[in-house]
Amino acid sequence: MKIPKETTFVIIIGLFLLSYLLEAVVDPLKINLATPYAYLSPLHFMKYPFTTAVIIIRAISLYSAVLFLLSFIPRAYFTKVGILLLISALSQLYSLQEVVSGTTMVPLEWALSLSVAGAALLLPAITNVMKGAVSAAKAKINQEDLSEDEETNQE
């Protein structure tokens with residue numbers, strides 16, 4: 001089932017709004033973490049379940065927003081891989097800097113969401129590598145078939 005792009009856009013905006021609404025109900029996190037992934041321990045899930053839901057919803061919306069924007073680029077699989085890897089790496093580095101340094105440029109919840117979304121972006125990068133390889137192989141096969149057809153036509 002293919003969802004129209006307009007509906008996808010509305011869903012993404014709705015998820016962002018839902019995360020803001022839920023975040024307004026909860027006090028900001030004030031915990032010290034060694035890395036953004038330290039929050040993923042079961043101890044924090046049990047202690048802060050509502051905040052975890054906010055982080056996951058926001059991570060899904062960030063992940064979906066990147067994929068939505070990339071959906072406007074037809075084919076160009078390896079370009080998409082480069083963009084996805086760049087965004088993933090930068091989001092990991094930024095969230096690591098925010099969590100380790102304890103700066104308040106963005107709230108901790110945002111930093112954790114960026115980290116989770118950035119890690120999740122590795123999956124579409126892998127699938128785009130596979131799509132690009134298959135597409136390149138098909139183009140190579142078609143090119144060889146065309147050159148064989150030209151040779152038989154010339155004879």
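The values are calculated or read from the model by the stated rules, or taken from the named source; none is laboratory data. As the structure is a prediction and not an experimental result, all values here were calculated from the model. Cβ coordinates were reconstructed from backbone atoms using ideal geometry, including for glycine residues, and neighbour counts include every protein chain displayed.
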Tell me yes or no: at least one residue of the range 52-59 is in contact (Cβ under 8 Å) with a residue 60 or more places away in the chain and either farther than 21 Å from Ile3 by Cα or among the aromatic types (Phe, Trp, Tyr) (or both). yes
Quick count over the range 4-46, residues being more than 22 Å from Ala119 (Cβ to Cβ) and in a helix (DSSP H, G or I), is 12
Restricting to the range 40-62, and then to whatever is modelled with pLDDT of 95 or more and small (Gly, Ala, Ser), can you tell me which residue is surrounded by the fewest Cβ atoms within 10 Å (Cβ to Cβ)? Ser61
Filter the range 63-114 down to the residues that are of a type outside the set (Phe, Trp, Tyr), surrounded by fewer than 13 Cβ atoms within 10 Å (Cβ to Cβ) and not in a helix (DSSP H, G or I) and list them by number. Ser71, Ile73, Pro74, Arg75, Gly102, Thr103, Thr104, Met105
Take the residues of the range 115-136 that are surrounded by 17 or more Cβ atoms within 10 Å (Cβ to Cβ) and not hydrophobic (A, V, I, L, M, F, W, C): which is farthest from Leu21 (Cα to Cα)? Gly132
Give me the pairs, please: first residue somewhere in the range 1-17 and surrounded by fewer than 11 Cβ atoms within 10 Å (Cβ to Cβ), second residue anywhere and in a helix (DSSP H, G or I) and not polar (S, T, N, Q), beta-carbon distance under 9 Å, and either six or more positions apart or on two chains. Ile3/Ile11
Residue in the range 86-97 that is touching a residue at least 60 places away in the same chain (Cβ under 8 Å) and touching a helix residue (DSSP H, G or I) at 6+ places or on another chain (Cβ under 7 Å) present: yes
Flagged in the range 47-56 as in a helix (DSSP H, G or I) and of a type in the set (Ser, Thr, Tyr), in numbering order, are Thr51, Thr52
